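Student: The structure that follows is given in the form of structure tokens.
The values are calculated or read from the model by the stated rules, or taken from the named source; none is laboratory data. This one's a predicted model, so the numbers in the text were calculated from it and none came from an experiment. Cβ sites come from the backbone with ideal geometry, for glycine too, and all protein chains shown count toward neighbours. Areas reflect the complete protein model, heavy atoms only, side chains present, ligands, DNA and RNA absent. Shrake-Rupley method; radii C 1.70, N 1.55, O 1.52, S 1.80 Å.
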Amino acid sequence: MSSRPSPDLPQALNVVREGEAPIPPTAPPRGGSPRSAVLREMRWWDLEQVLELERDLFPEDAWSPGMFWSELAHARGPLANRRYLVAELAVPPRWGSPRTASGGGAVEGNGARGRPGDGRIVGYGGLAAVDGTGDIQTIATARDQWGTGLGARLLAELLGAATDFECREVLLEVRVDNVRAQRLYERFGCEPIGFRRGYYQPGNVDALVMRRTTQTSSEAPSVQGT
């Protein structure tokens, strides 16, 4: 997973940080199954878990609460130009809960199978759309979700959002030493167009700038095996 510059810098808002290990031959289908994460809109009540995950994955350059609040403020309403998602796992049933009449029944956790926000957040991603150009801000997945294809599912949804915003192109940055992530983006039609020297700090690592022209959903590649 690549790092990014300090969130206090303006250019930090169009950086992809993607953290999956090598992907198995098949990945969960889009939309999820009973045992996979369900993708939905990020809301303010998700931020506690999102920030926890953010600090775990990016301890040196984690976004502040204010950064996320600012992004979500532009994600709703008639002038919305952001799309932020979370991946949520349902809370498993709890057996023998004292809340049941007999003491031996199961109490279903809510989460992805009930009220949004009650499950466990295991990933998130965001996209900004300005003047026909989409910028993928961030993609992150929990460590125990690496290798499940969740990052690819989030990427596919964000690219779909770029189409909804009528973006002509989507831009992103990725560390030059993150070849695995570059291959994933290439599978989704992203092409290298330049570099940003010393973009990732600390470490002074260059960023490869990639661009993808928008496609219809029927033209996008399958997320299976990515």
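Student: Using a 1.4 angstrom probe and counting only protein chains, how large is the accessible area of TRP69 in Å², to 10?
Tutor: 130 Å²
Student: When the chain is fully extended, how far beyond the present Cα-Cα distance does ARG76 get from PHE195, taking 0.36 nm per residue of separation?
Tutor: The span from ARG76 to PHE195 would gain 39.6 nm if fully extended.
Student: Gain in length, ASN204 to TRP45, computed as 0.36 nm per residue apart minus the alpha-carbon separation, to one decimal in nm?
Tutor: 53.8 nm
Student: May I ask you to rank ASP177, ASP164, ASP135 by accessible area, largest first, using a 1.4 Å probe over the protein chains only?
Tutor: Order by accessible area, largest first: ASP164, ASP177, ASP135.
Student: If you take the charge dipole of the range 137-179 about its Cα centre, with +1 on Lys and Arg Cβ and -1 on Asp and Glu Cβ, which of THR138, GLY160, VAL179 is farthest toward its positive end?
Tutor: Result: VAL179.
Student: Separate question: Add +1 for every Lys or Arg and -1 for every Asp or Glu among the other residues with Cβ under 14 Å from the Cβ of ASN81, and state the total.
Tutor: -2
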